[in-house]
Amino acid sequence: MAYAHRDIIYDADTHMMERPDWIAEFADPDIRPRLAPFLEGKEDVLPRVEDALEQFKARQADPAMAAEAAERFMGWDHKGWHGLGSFDAAERVRVNDLLGFSGHIVFPTTAFEQVCAAKEPEVFVGGVRALNRGLDAFCGVDKRMYGAAYLPLGLGPDASAELLDEIVAAGFSVVLVDTVAPDGGKSFTHPDYDPIWSRLEGERIAVTLHVGANGGYTPVPASFYDNARETPPPDEGDAPRDALGFMAIQYNAELFLSAMIFDGVLEKFPKLKIGVVELSAEWMISWIKRLDMSWRSFRRRQDLSHLSMAPSDYVTRQIKATPFPGEDIGWILRSGGEDLLMFASDYPHHEGTDDPIGRYERTMDGVSEAAKQKFYCDNFRDLLGPRLSA
């Protein structure tokens, strides 16, 4: 029996958990030895990865063990690298059957960090190409998987356009972009980036923002941690390391999306769709209110005449977001988020919990069936548009 409790559910946030040698497999020979080390060389995590690899081998050799793991695949002991289908594409197909979802967006995890850790521009670009090749290979085994190719806008409009040509040629339906330009760089809303946004709109490729893809932007100043208290060390993956970090998780997305609206990018490209993934969602209700207040307050002090609608209307038309399990999505849906939210499991990351559907459903008393249909299905369909294969 599948985990899905409805006939059609689309999942806007899943991940692969790459093996230590994974990205090197897809890198050009001159890039391969220059890639940053897996997990930044943290030896203490490697035994956990090795154990996951051994368990995978054991499942492949023992059908009874594989069947038992399938029975418990959503459990806490099957998260991260220990998740079924985390790094093996064939096993992931089986997991997709067990989940029962009609489609999934798939993001990288540790390999993305390896790419971003590159010190040399040539190695960074080579790493991006390897990352996208590998993701294409992983997702290519199942039409239900839509890999999010990385498009590093921080390289500048010309280099980004070159990588986008490759992304389009590979047939990707989703891209992951940076949210904050590097110091001294042009805003991603500068007219020089218009050809990028125009190409994405024309190809109907969905744009996604995701925690960790922030261009190096750190919203919590280091001084906040000089507090005579113990702070948890950074963990592998892209989740905030502590409660204070979680409070700032959405700041980069707020800035990016506000600029895209106020600087007229969404006005110029009305079919461009943006998914805000794993950056929480409750904040968006007050943010939408503040967008309209800011517009009303400043349109007499600066030229905002290029906007033909209120900022909130661009959000409704072009932006979708995923909540975390545990957020009060019933409140979000009842507070104006009906056309905003998409279901997300974050499989196989721990943040997705052992029962995301159950946690969402517990907050949905009084939510209409029409709103649930949008959450589980229609808003994802709107994001992917004609790129959706089923």
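Label separation (Asp44 vs Asp158): 4.5 nm, computed from points 7 Å beyond Cα along the C-beta direction. I want to make sure I understand the PRE zone here: with the label point 7 angstrom from the Cα of Arg362 toward its beta carbon, which residues in segment 334-355 have backbone N atoms less than 11 Å away? Of the residues in segment 334-355, 354-355 have backbone N under 11 Å from the label point off Arg362.
Around Tyr217, what is the net charge, scoring Lys/Arg as +1 and Asp/Glu as -1 over all other residues with Cβ under 11 Å from its Cβ?
-2
If the chain linking Asp28 and Asp97 were pulled fully straight, counting 0.36 nm for each residue of separation and taking away their Cα-Cα distance, it would gain 21.5 nm.
Here the scattering of segment 77-150 is modelled by Debye summation over its C-alpha atoms, one equal scatterer each and no solvent; at q = 0.16 Å⁻¹ the log10 of I(q)/I(0) is -0.61.
The value for segment 263-390 of Rg(Cα) / (2.2 N^0.38 Å) is 1.14. Put a dot 7 Å past the Cα of Val141, heading toward its Cβ, do the same for His5, and the two dots end up 3.0 nm apart. Electrostatic tally near Lys271: other residues with Cβ closer than 15 Å to its Cβ, Lys and Arg +1, Asp and Glu -1, net +2. Averaging 1/r over every pair of different alpha carbons in segment 1-157 and inverting the result gives a Kirkwood radius of 16.6 Å. Full extension of the chain segment joining Ser286 with Lys57 gains 77.6 nm, where the gain is 0.36 nm per residue of separation less the Cα-Cα distance. If you work out semi-axes √(5λ) of the Cα gyration tensor in Å from the coordinates, which of (i) 39, 25, 18; (ii) 38, 34, 20; (iii) 32, 26, 21 do you get? Step by step, semi-axes √(5λ) of the Cα gyration tensor in Å for this structure corresponds to label (iii). Quick one: net charge of Leu333's neighbours, Cβ under 14 Å, K/R +1, D/E -1? Around Leu333, the charge tally is -4. Taken along its principal axes, the alpha carbon cloud of segment 169-216 reaches lengths of 31, 26, 14 Å, longest axis first. The modelled label-to-label distance for the pair Ala222/Glu166, using points 7 Å beyond Cα in the direction of Cβ, is 3.3 nm.
Here the Debye sum runs over all C-alpha atoms of segment 31-76 as equal scatterers in vacuum, and log10 of I(q)/I(0) at q = 0.22 Å⁻¹ comes out as -0.82. Lys-Lys pairs in the chain that are eight or more residues apart or on separate chains and whose Cα atoms lie under 15 Å of each other come to 4.
Readers should treat all values here as calculations from the given coordinates under stated rules, not as data from a laboratory. The model shown is predicted, which means the values in this text are computed figures rather than measured ones. All Cβ positions, even for glycine, are placed from backbone atoms using ideal geometry, and neighbour counts span all protein chains on display.
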